[in-house]
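Participant: Here it is, the structure, as structure tokens.
The values are calculated or read from the model by the stated rules, or taken from the named source; none is laboratory data. Owing to the predicted nature of the structure, the values given are computational and were not obtained by experimental measurement. Cβ atoms come from the backbone with ideal geometry, glycine included; neighbour counts cover every protein chain shown.
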Amino acid sequence: EFNSGYPEDFEGSHFTGGGFGDYRADYWRVALGQFREQPLVGAGADNFAAAYIKERRFDNEARFPHSIPVAILSSTGIIGSAIFLALIGCAVASFVRGRRGRDPLVVAVGAAAMLVFTHWLVHGSIDWFLEIPALGAPAFAFLGAAAATGSSRESLRPSSALAYGIAAAAVVAVAAATPPWLA
């Protein structure tokens, strides 16, 4: 069923329609084919849709491979995948290192933050919502928060210059985002 696509007489929600048939196996096949063609650097970000239209087995169009690991591997290759794994590894190592001797509340907050990121990563391994910035950005913010709980208290205090810089960047970001939002 997993490789067969949706049945022709399919009705209703794909969550309640029964069976496991969808197009993910076909998406992953094409994306992994892109990786095989350019394993070191990948096919480039957002270059899946054209390849899928060319190589698809079903009359379906997809912009994304519906999997975080497959998307990273196919679009950025071994180099990008290694950088992504290093990012996660450093954050997890910081979180784990900081658990010893810490206030249990800080450890619990870090664990909750790590759980949010883990949920995003696991769910995104079989679904396409990684392409929605409103879901991905908070997930990485929670990963950063979990890593920060492993830091000493002194290192969490930003300098005045850094605090003003962050505030200025936030004002610029809001000013830049407002006209498109209003449109």
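Participant: Run F15 past the list (1) at pLDDT 90 or above; (2) over 22 Å from P138 (Cβ atoms) and report the number of the one that doesn't hold.
Facilitator: Unmet condition: (1).
Participant: I'm trying to understand the selection: among the residues of segment 58-87, which are exposed (fewer than 15 other Cβ atoms within 10 Å of the Cβ) and part of a helix (DSSP H, G or I)?
Facilitator: I78, I79, A82, I83, L85, A86, L87
Participant: Next up: Restricting the search to segment 122-134, which residues are of a type in the set (A, V, I, L, M) and exposed (fewer than 15 other Cβ atoms within 10 Å of the Cβ)? Outline the logic, then answer.
Facilitator: Step one: filter segment 122-134 for residues of a type in the set (A, V, I, L, M), giving 122, 126, 130, 132, 134.
Residues satisfying the conditions are V122, I126, I132, A134.
Participant: Now for a separate question. Can you tell me which residue is modelled with the highest pLDDT among those in segment 33-57 that are surrounded by 15 or more Cβ atoms within 10 Å (Cβ to Cβ) and more than 26 Å from A137 (Cβ to Cβ)?
Facilitator: Among them, the one singled out is Q38.
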